[in-house]
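Only one structure is covered here, and it is reproduced in the block below.
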Amino acid sequence: MERAQAFKTLRLDQSADGQMVESAYWTLVRQAQHRAARDPEAHVDIDALNDAYQTLTPDSRGKPMSAKSRQEAAGTGVALLDWFADWCADQALRTRMRWAHRNPEIAIIGGAVIVLMLLALSAGASALNVFLVVAIVAVAIWAPWRRTPPPGD
């Protein structure tokens, strides 16, 4: 498989880094595995995802899956938890794609918000007001009015 096709299969832009490739791969494999119980075509999708991943990460070729990797691929076995984990991973991937090369800034903003939230709560601020401000910051980071399409759309 060629690199351009591999990025397309993983629903990524060709400027994606290795961490984004890995995150997209595991998210899509989990979704395909979830579908595999109902749809036999999902196994074809899994094979294509594996080929794309090996194309973009040649050092992983031929390596057996670690126990952690097998556990990640298998999911929790609880559909709601797996769906929520996939949704969180998808949102994180969208945010990273939207704010490309800004991950340290997003981490600093997020960390500062958490620290300030804890300080405000410990100082006796209204929990409702604190969580409202945290929600506003989260919305500003996710910027729904500037939503990028999901990878591959």
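The values are calculated or read from the model by the stated rules, or taken from the named source; none is laboratory data. All figures in this text were calculated on a predicted structure; none of them were measured in a lab. All Cβ positions, even for glycine, are placed from backbone atoms using ideal geometry, and neighbour counts span all protein chains on display. Side chains are part of the model used for accessible areas, which takes the heavy atoms of the whole protein and leaves out ligands, DNA and RNA. Shrake-Rupley method; radii C 1.70, N 1.55, O 1.52, S 1.80 Å.
Please list Arg38, Arg3 in order of solvent-accessible area, largest first, computed with a 1.4 Å probe with all protein chains present. Write down the numbers at each step before the final one.
Numbers: Arg38 165, Arg3 130 Å².
Result, largest first: Arg38, Arg3.
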- [ ] Subtract the Cα-Cα distance of Asp39 and Ile114 from 0.36 nm times their separation in residues, and report this length gain in nm to one decimal.
- [x] 22.8 nm
Task: Highest to lowest packing among 7-13, 120-126, 25-31, scored as the average C-beta count within 10 Å - done: 25-31, 7-13, 120-126
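For segment 79-131, rounded, prolate or oblate, judged on the Cα gyration tensor with a ≥ b ≥ c (square roots of eigenvalues), a/c < 1.5 rounded, else prolate if a/b > b/c? It would help to have the intermediate numbers written out before the result.
Working: a/c = 3.65, a/b = 1.46, b/c = 2.50.
Taking the square roots of the gyration eigenvalues as a ≥ b ≥ c, segment 79-131 is oblate.
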